[in-house]
Amino acid sequence: MKIALIQDQLLTRAGSERIFLYMAQEFQEADLYSLCYNPETTWPEFEKFEIAVSPLNRIIQDHGRFKTLFPLSTWWMEHWDFSAYDLIITSSATTAKYIKRFKGPHICYCYFPTRAIWSFDSYFGRERGVRERIFEWLMPWLKNRDRAAASRVSQFIAISRSSAHAIRKCYQREAAVLHCPIDVKRFRAGALSTKQEYFLLVSRLEKWKKVDYAIEAFNRLGLPLHIVGTGPEDARLRSIAGPSVSFLGAVADDILIRAYGEARAVIFPPELEYGLVPLEANAAGTPVIALGRGGVLETMVGKDDAQGRKPTAILYPEPTGECLMEAVREFEITRFSRDELISHVAAFDIAAFRSGLRAMVNEFIDHGRISTSQSSLS
């Protein structure tokens, strides 16, 4: 069987790119494709693979341009010919699911319905520049094209129940669930670090990641907050940060893992369909303080758990500085066990994801569909 694995883009060192790496490692018999690929800005492990790219690779070499040229990118994906393949597996939140010229079934591992289209206000924020106004004007057309792309997918696999709900709401399609993994062994090395006094926030610096209210909270608390990550919001966020907030920019993996282990707690302020950062923190033996919405409700255990499990996180109800401040105070009086935090994430390891994905693909090949009952890592 001839298989194609297709990724939206390989331009950043973010979660979807890492998941695509694990998919490539499992389906080594597959050919790899991505709309664009910059080996200098994404995970270095991809240099071991042969990755075919589109002609747009010549003009799209950073994430900002990828977002700006999204309509053009989807048009190209519709015209890219994959008819030589018996099976297509896409890793997609944006462009890869738009493929149109194929003959075999198309299984889409979907992170979330295209956020710039279906979560426009939270994605772009209140400010409207030229790009945002063009997107808003095109919105009815963009939604129709996105639904049409989803209708051509043979089977969706969602990364969480929260994501599956969004796929049902936006695309009127059902999805099986397979939670994203982390490299537990690699992040567990952080647990060897000695705890320091700072809190840690790891995120791309974009409006929809809601880093601003976390900065507000730590400005008022006067507690040290270290922020790892870069993005278009960098300058604005630095301008509102007080002396207790430090920006570390992009850091090497070994430094990030050590920071996870040293931090008192990792702050996770956005509402996401999943989020790998809380799991990475737990793997390093560090608890999380997170907005209690979306995917973290599937991966984290809060205080007073109905099943009697030990907490892995303090979960707060609203995305405000006040709620986060109260959660930090709650954290101060809560006991966490490093061993129990590390044990909690064992079910989210790469091996379980790879075998789970292979099993789902085989189930589809054998039966033409994948069961949408509880099929996940946890």
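The values are calculated or read from the model by the stated rules, or taken from the named source; none is laboratory data. This one's a predicted model, so the numbers in the text were calculated from it and none came from an experiment. Note that we place each Cβ from the backbone using ideal geometry, even for glycine, and neighbour counts take in every protein chain shown.
Could we say that I117 is β-branched (V, I, T), part of a helix (DSSP H, G or I) and either surrounded by 19 or more Cβ atoms within 10 Å (Cβ to Cβ) or in contact with a strand residue (DSSP E or B) (Cβ under 7 Å, 6 or more places away or on another chain) (or both) here?
yes
To keep it simple, each residue is scored yes or no on (1) under 20 Å from A176 (Cβ atoms); (2) surrounded by fewer than 19 Cβ atoms within 10 Å (Cβ to Cβ); (3) among the acidic types (D, E); (4) touching a residue at least 60 places away in the same chain (Cβ under 8 Å).
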| residue | (1), (2), (3), (4) |
| --- | --- |
| T74 | no, no, no, yes |
| D81 | no, yes, yes, no |
| D86 | no, yes, yes, yes |
| T94 | no, no, no, yes |
| K100 | no, yes, no, no |
| I107 | yes, no, no, yes |
| D121 | no, yes, yes, no |
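Please work out if T41 is surrounded by 21 or more Cβ atoms within 10 Å (Cβ to Cβ) and assigned to a loop (DSSP other than H, G, I, E, B).
Numbers: surrounded by 21 or more Cβ atoms within 10 Å (Cβ to Cβ): no; assigned to a loop (DSSP other than H, G, I, E, B): yes.
Taking the combined requirement at face value, the residue does not satisfy it.
Among the numbered criteria (1) under 24 Å from H63 (Cα atoms); (2) of a type in the set (V, I, T); (3) touching a strand residue (DSSP E or B) at 6+ places or on another chain (Cβ under 6 Å), which single criterion is violated by V177?
For V177, the exception is condition (1).
What residue, of S163, S154, S203, is polar (S, T, N, Q), crowded, with 19+ Cβ neighbours inside 10 Å and either assigned by TED's automatic domain parsing to the domain that holds A359 or in contact with a His (Cβ under 8 Å, 6 or more places away or on another chain) (or both)?
After ruling out the rest, the residue left standing is S163.
Restricted to region 234-274, and to residues that are touching a strand residue (DSSP E or B) at 6+ places or on another chain (Cβ under 6 Å) and among the small types (G, A, S), which residue is nearest to A14 (Cα to Cα)?
A259
May I ask you to list the residues in region 13-66 that are charged (D, E, K, R), under 22 Å from R115 (Cβ atoms) and without any contact (Cβ under 8 Å) to a residue 60 or more places away in the chain?
Within region 13-66, E17, D62, R65 qualify.
Considering only residues of region 198-217 that are closer than 20 Å to A259 by Cβ and free of Cβ contacts under 8 Å to residues at least 40 places away in the same chain, which is farthest from the chain's Cα centre (by Cα)?
Per the stated criteria, the residue is I215.
Among residues belonging to region 40-54 that are under 15 Å from S16 (Cβ atoms) and not hydrophobic (A, V, I, L, M, F, W, C), point out the one that is nearest to the chain's Cα centre (by Cα).
T42
Answer yes or no: is there a residue in region 231-250 that is of a type in the set (V, I, T), crowded, with 19+ Cβ neighbours inside 10 Å and more than 19 Å from T320 (Cα to Cα). Before you say what the answer is, go through the steps one by one.
Taking region 231-250 and keeping what is of a type in the set (V, I, T), we get 240, 245.
In the following step, the residues that additionally are crowded, with 19+ Cβ neighbours inside 10 Å were identified as 245.
Remaining after also requiring more than 19 Å from T320 (Cα to Cα): none.
Checked region 231-250: no residue is of a type in the set (V, I, T), crowded, with 19+ Cβ neighbours inside 10 Å and more than 19 Å from T320 (Cα to Cα).
Looking only at region 182-220, how many residues end up being of a type in the set (S, T, Y), modelled with pLDDT under 95 and under 16 Å from V277 (Cα atoms)?
Residues flagged as of a type in the set (S, T, Y), modelled with pLDDT under 95 and under 16 Å from V277 (Cα atoms) within region 182-220 amount to 0.
Quick test of your reading of the structure: S54 fulfils all but one of (1) more than 15 Å from L5 (Cα to Cα); (2) buried (at least 18 other Cβ atoms within 10 Å of the Cβ). Name the failing condition by number.
Condition (1) is where S54 drops out.
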